[in-house]
Amino acid sequence: MKNLYTNTILITSVLLSTALHGQNYTSYFTGNEENIDVQPQFGLCLMGGAGESDEAMIWFLERANGGDVVVLRASGSDGYNDYMFSELGVAINSVESIVFHNANASYDPYVIDKVNNAEAIWMAGGDQNNYVTYWKDTPIMEAINDLINVKGGPVGGISAGMAVMGQAYFPASAGSISSEAALANPFAPQMQFGYDDFIKAPFMENVITETHLNDPTRIRYGRITAFMARLTNDHGVRPLGMGSNEYSAIAIDEDGFARGFGEYPQYDDDQVYFLQGNCEEPSGPEIILSAQPLTWNRSGEAVKVYRLPATASGGNYFNLNTWTDGEGGFWENWYVIDGELTRDTDATATECVVSVRNHQVIEASVFPNPTNGTLKVQTDEANWTYQVFDISGRLLSQGRGSSGQNELDLNNLSGGIYKLSIRTENAYFSSSFVISN
């Protein structure tokens with residue numbers, strides 16, 4: 001990789017003023033003006049909201065591979081520039097914070113060029129309604145999704161930035177809502193959410209995120225449960241959720257392992273959560289009607305939750321390929337009766353989850369990755385089936401394989417990130433891969 005500090009001019013906290021670029025945005029630049037082109041590494045980083053986890057941010061920045069980081073925000077200024085560029089010990093080429101003042105900034109050639117050339121994108125906290133209003137269906141939304149799914153780089157966000165990361169998202173377009181109000185009326189005017197029309201990322205299919213879960217002024221465990229109830233009611237999908245407490249973060253790598261970063265056990269509340277509607281049918285809410293309290297009980301097991309202590313090492317994880325197994329966490333049951341949420345912390349997985357958790361992992365290798373269309377699978381398994389999915393979970397290809405080296409012809413697929421799932425009767429294997437053509 002090119003030496004970032006040779007024959008370059010180091011620019012620190014340069015304000016590209018609104019007088020120069022108009023009133024649509026303000027830009028703050030720190031680092032080396034000369035753009036470099038490196039291959040980043042995929043990753044999603046979701047932070048709960050009260051403060052950054054240094055360890056999670058280091059994990060995120062390292063995936064930029066020394067490239068350029070763009071911070072997108074609709075308020076504030078250059079608070080991330082020095083923090084990312086010089087305070088965490090990760091060598092990157094530059095940090096540029098772009099503060100959007102309106103939706104016109106999303107069509108500005110300078111802004112589009114900077115976001116398109118980024119190796120990593122970070123979405124700051126603030127008001128997520130601004131992000132949806134300013135970025136949705138614009139070149140900026142396209143650039144974010146291209147970085148994730150074509151370039152294969154990292155994208156992350158804190159608070160409002162995390163709130164828009166799921167396939168389902170709460171835009172707060174009619175204002176915020178408390179857990180109590182959401183459970184008392186899951187169709188309240190504020191209970192709006194978008195679905196499958198904004199950020200599109202692997203492992204976030206049918207996921208709605210929640211931040212500030214344990215903030216004492218706005219405890220949100222009930223709100224994410226209400227949104228999941230609406231998700232299954234409105235779209236007929238098995239709802240999934242990811243939540244983070246105030247000072248914790250979720251870091252998702254290219255293999256679909258979600259790690260919790262925080263300062264547990266020094267702080268007991270540093271926890272992250274992975275929620276799923278119970279897979280035993282019927283599974284949806286018993287009562288979900290306008291102006292009536294929610295009841296989603298299902299014998300006290302409506303929502304299965306894997307609570308993961310978030311540590312400085314990020315050693316605890318949850319497997320998003322299966323949503324059934326992890327390391328270092330604890331199962332909980334959440335359920336709602338007449339608008340009251342109960343969290344049963346002494347729980348086990350449902351039978352359908354246990355049956356998958358007991359499966360063995362197939363030993364296999366997938367190469368080359370990235371590929372130009374021919375994917376090779378090497379395994380000793382005698383008979384197995386495979387499926388290939390896109391980032392939205394659509395099945396695109398399937399077939400069978402045998403022991404040894406197998407070649408999967410995927411030349412009909414366009415460039416982007418895909419997921420390969422291999423299964424036998426008692427074992428599974430899953431891996432993300434990139435088609436570069």
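Here the chain has 45 percent of its accessible surface on carbon and sulfur atoms, given a 1.4 Å probe and all protein chains in place.
Highest first, please rank the peptides 406-413, 325-332 by the mean number of other Cβ atoms sitting within 10 Å of their residues. Walk me through the intermediate numbers first.
Details: 406-413: 14.1, 325-332: 17.1.
Taking the mean over residues of other Cβ atoms within 10 Å, the ranking is 325-332, 406-413.
Between the listed residues 284, 83, 162, the Cα displaced farthest toward the positive end of the dipole of the chain, a dipole computed from Cβ unit charges relative to the Cα centre, is found at 284. Label sites at residue 113 and residue 83, each approximated as a point 7 angstrom past Cα along Cα to Cβ, lie 2.9 nm apart.
If I stretch the segment between residue 365 and residue 346 completely, what's the gain in nm (0.36 nm per residue apart, minus their alpha carbon distance), one decimal? Walk me through the numbers before you get to the answer.
Details: separation 19, 0.36 × 19 = 6.84 nm, distance 3.76 nm.
Using 0.36 nm per residue and subtracting the Cα-Cα distance, I get 3.1 nm.
Suppose all protein chains stay in the model; what accessible area per residue would a 1.4 Å probe give for region 247-320, in Å²?
Numbers: 2800 Å² over 74 residues.
I get 38 Å² per residue for this part.
Scanning residues 5 or more positions from residue 120 or on other chains, those with amide H under 5 Å from its amide H are 68, 70, with H placed 1.01 Å from N in the peptide plane.
Number of Lys-Lys pairs in the chain with C-alpha atoms under 21 Å apart and a separation of 8 or more places or on different chains: 11.
Residues in region 17-150 average 34 Å² of solvent-accessible surface per residue, probe 1.4 Å, ligands and nucleic acids excluded. Taking the chain as a Gaussian network, where each spring joins two C-alpha atoms under 10 Å apart, which residue of 261, 203, 193 fluctuates the most? Looking only at 261, 203, 193, the largest GNM fluctuation is found for 193. In a reduced charge model with +1 at each Lys and Arg Cβ and -1 at each Asp and Glu Cβ, the chain shows a dipole moment near 680 debye about its Cα centre.
If the elastic network links every pair of Cα atoms under 10 Å, which of 252, 98, 112 fluctuates the most in the Gaussian network model of the chain? Of 252, 98, 112, the Gaussian network model singles out 112 as fluctuating most.
What translational diffusion coefficient, in µm²/s and rounded to a whole number, does the Stokes-Einstein relation yield for region 123-230 at 20 °C and a viscosity of 1.002 mPa s, taking the hydrodynamic radius as the Kirkwood radius over Cα pairs?
151 µm²/s
Note on region 252-316: Kirkwood hydrodynamic radius from all Cα pairs is 14.1 Å, rounded to one decimal. Of all beta bridges that DSSP places with both ends in region 26-140, some 40 percent have antiparallel geometry.
Among residues other than residue 147 whose Cβ falls under 15 Å from its Cβ, what is the net charge (Lys/Arg +1, Asp/Glu -1)? Let's see the in-between values first.
Details: positive: 63, 114, 151, 200; negative: 37, 68, 96, 113, 119, 142, 146, 254.
Once all neighbours under 15 Å are counted, the net charge is -4.
A cut-off under 10 angstrom between Cβ atoms defines the neighbours of residue 98, and their net charge, with Lys, Arg +1 and Asp, Glu -1, is 0.
Here the simple spin-label model places points 7 Å from the Cα toward Cβ, and for residue 286 and residue 133 these points are separated by 4.1 nm. Largest GNM mean-square fluctuation across 268, 127, 255, computed for the chain with C-alpha springs under 10 Å, falls on 268. Taking 0.36 nm per residue of sequence separation and removing the Cα-Cα distance, the residue 378/residue 33 pair yields an extension gain of 119.8 nm. Hydrodynamic radius of region 43-154 by the Kirkwood approach over all distinct alpha-carbon pairs: 14.1 Å. Taking 0.36 nm per residue of separation and subtracting the Cα-Cα distance, full extension of the segment from residue 398 to residue 255 would add 49.5 nm.
The values are calculated or read from the model by the stated rules, or taken from the named source; none is laboratory data. Model, not experiment: these values are computed from the prediction. No Cβ is skipped: glycine too gets one built from the backbone with ideal geometry, and neighbour counts run over all protein chains shown. Accessible surface is based on the protein model in full, side chains and every heavy atom, while ligands, DNA and RNA are left aside. Shrake-Rupley method; radii C 1.70, N 1.55, O 1.52, S 1.80 Å.
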